[in-house]
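Q: Here it is, the structure in full.
The values are calculated or read from the model by the stated rules, or taken from the named source; none is laboratory data. Keep in mind that what you see is a predicted model, and the values were worked out from it rather than measured. Heads up, the Cβs are rebuilt from the backbone with ideal geometry, glycines too, and the neighbour counts pull from every protein chain shown.
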Amino acid sequence: MDGSFTSVSADTQAGAGPLLELKEAHKSFGHVDVIKGVSLTVRKGEHVVIFGPSGGGKSTLLRMMNLLETPDSGTLTFEGKQYFPRMDSVLNRHRVLQQLRSQIGMVFQRFNLYPHLDALHNVTLSLTDVKRMSRKAARLKAEASLAEVGLKDRMDHYPSQLSGGQQQRVAIARALAMDPKVMLFDEPTSALDPELIGEVLGVMERLAREGMTMVVVTHEMGFARRVGDRLVFVSEGVIAESGGKEILSTPGEDRTKAFLEAVL
Amino acid sequence: MSWNPTDYQFAWNVVWQYRFWLLEGTLLTLKIAAVSMTLAMIFALPLALLRMSRLRFLSGVAMIYIAVLRAIPLLVFILWMYFGVTLVTGLQVDAFGAGVICLTLQYSAWLAEIYRAGLQAIDKGQREAALSTGLSQSRAFAKVIWPQAWRIIIPPLASNFIGIIKDSSLVGVIGLNELMRQAQIADSLSFRPFELFTAAMVIYIVLALIISPLASLVERRAARSLSVQTRRATRTRRSLGAAA
């Protein structure tokens, strides 16, 4: 696993302007209020770790950031441009949404690789389709991405021929190849066997060191401590507590303390 | 005049005698089935998508259409399409067109439900992954959802193609000389129903038996087209590697 994430070499200093900003977001499914007024700002180069009990709204919160989940109310701003509520005309709407999503990489709990395509074509699909790259350029770009996650020799393997850890690394390469400005991780290691978690976290930590802006929903508190610039504890649809690594050792809220005692 | 079954003497040479009649009928049967199946396969896709629409009105319309068209007895449908339309409007309807329309409409309703089952079998995470990389809804469907659903759909499509071949025998009632009607006409001239209908049956069975390996071939090709892509990619990589 050599080479570097050249595309994200700049902008490593935290404290730069806000990249992604969610304000007063609300979301309910049926009668259940999943997100009850959450505001969260992600700055360039920042590594935000979201943790908390299951069903607390962590995934929904993350999925609002690329509008896979549409908030009921609130605003979403990315690089100063408001994407929700939508400002654009109905005709333009899909294009604007695509434009937002193509700049935000997402990695899912269950990988969601395309089973009918090999690793290489899992990565090239959006390069040729969204970025309009030529097949050859897309292939080179995909090869570079797969090399970065240590899978250059598995390019012609189908997802079913790869281990869980390898599949998740292909999924990371797929997101990375688009040169995203921020990467969202939705419990990326929760579906993995324990011995495979390390290889995925390793790739993520290296990404973080290279300066990639990241928002990670995870139960891996060791990872949170090593990588997180800001830790956000989400419970019952609100941010119950947020701060630096110190909230792991000296939580200010009883709910945070109870949760940490349960998982650590 | 009474007919004693034990007196019946089989005379299979009648089949040979009417071989060109049966062949002509077979060709028309295949033509009707192929045209109707192709149209039904095309028409079923928008129908399935409408049925899956989140808009209640659209999915409701599709649901009613599917329910009604599946329920109509095909024979009555064909009679109405051919004679009924003429009775009501005074327009002369083309028999081939009427037969194809009926088969197409009824089979599009069956196929729409097969498509829906295939499409719904695909994990919604697939669509989300595609959308999250910036693919449009339609591209996500064309490049990610449909290729996976297609493989699930092929085997039941083959069953329906066999079904449409056999159901096409019903269009004989509006004067189309497909296989079954050709056998009937030959019988009315030769008074040899068992030989001729047995011959027709054997032809239907052979046609059905040909479909299965054809379907497996299509299925394999769906898989192989992907591995060809991969091989091509591998070759290019090698040559790129050699150049570097």
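Q: Tell me which of these A:K136 doesn't satisfy, since it passes every other one: (1) farther than 27 Å from A:H219 by Cβ; (2) crowded, with 16+ Cβ neighbours inside 10 Å; (3) within 8 Å of chain B (Cβ to nearest Cβ).
A: Failing condition for A:K136: (2).
Q: Scan the stretch A:101-119 and tell me whether some residue there is more than 9 Å from chain B (Cβ to nearest Cβ), buried (at least 20 other Cβ atoms within 10 Å of the Cβ) and either free of Cβ contacts under 8 Å to residues at least 60 places away in the same chain or in a helix (DSSP H, G or I) (or both).
A: So far as the stretch A:101-119 goes, yes, one or more of its residues are more than 9 Å from chain B (Cβ to nearest Cβ), buried (at least 20 other Cβ atoms within 10 Å of the Cβ) and either free of Cβ contacts under 8 Å to residues at least 60 places away in the same chain or in a helix (DSSP H, G or I) (or both).
Q: I've got another one for you. Checking A:L97 against (1) modelled with pLDDT of 95 or more; (2) within 11 Å of another protein chain (Cβ to nearest Cβ), which single condition isn't satisfied?
A: Evaluating A:L97 over (1) modelled with pLDDT of 95 or more; (2) within 11 Å of another protein chain (Cβ to nearest Cβ) leaves (1) as the failure.
Q: Could you check the stretch B:18-93 for helices (runs of 4 or more DSSP H) lying wholly inside it with 2 or more residues that are more than 21 Å from the chain's Cα centre (by Cα)? Steps first, please.
A: Working: elements: B:19-51, B:56-71, B:74-79, B:85-89.
So the answer is B:19-51, B:56-71, B:85-89.
Q: Kindly indicate the residue of the stretch A:63-87 that is in a strand (DSSP E or B) and not hydroxyl-bearing (S, T, Y) and also modelled with the lowest pLDDT among those meeting that condition.
A: Step one: list which residues in the stretch A:63-87 are in a strand (DSSP E or B), which gives A:73-78, A:81-84.
Among the residues that remain, those that are also not hydroxyl-bearing (S, T, Y) are: A:74, A:76, A:78, A:81-82, A:84.
Numbers: A:G74: 95, A:L76: 96, A:F78: 96, A:K81: 91, A:Q82: 92, A:F84: 87.
Result: A:F84.
Q: Can you list residue pairs whose Cβ atoms sit under 9 Å apart, with the first residue in the stretch B:140-162 being within 13 Å of chain A (Cβ to nearest Cβ) and touching a residue at least 40 places away in the same chain (Cβ under 8 Å) and the second being of a type in the set (A, V, I, L, M) and surrounded by 20 or more Cβ atoms within 10 Å (Cβ to Cβ)? Count only pairs 6 or more apart in sequence or on different chains.
A: What qualifies is B:P147/A:L117.
Q: Quick check on my filter: what residues within the stretch A:74-97 are among the polar types (S, T, N, Q) and exposed (fewer than 11 other Cβ atoms within 10 Å of the Cβ)?
A: The answer is A:S89, and nothing else.
Q: Quick one: how many residues across the stretch B:103-139 are assigned to a helix (DSSP H, G or I), surrounded by 21 or more Cβ atoms within 10 Å (Cβ to Cβ), within 14 Å of another protein chain (Cβ to nearest Cβ) and not hydrophobic (A, V, I, L, M, F, W, C)?
A: Going through the stretch B:103-139 one residue at a time, the tally reaches 2.
Q: For the stretch A:139-166: of the residues being touching a residue at least 40 places away in the same chain (Cβ under 8 Å) and under 24 Å from A:Q103 (Cβ atoms), which is surrounded by the fewest Cβ atoms within 10 Å (Cβ to Cβ)?
A: A:A147
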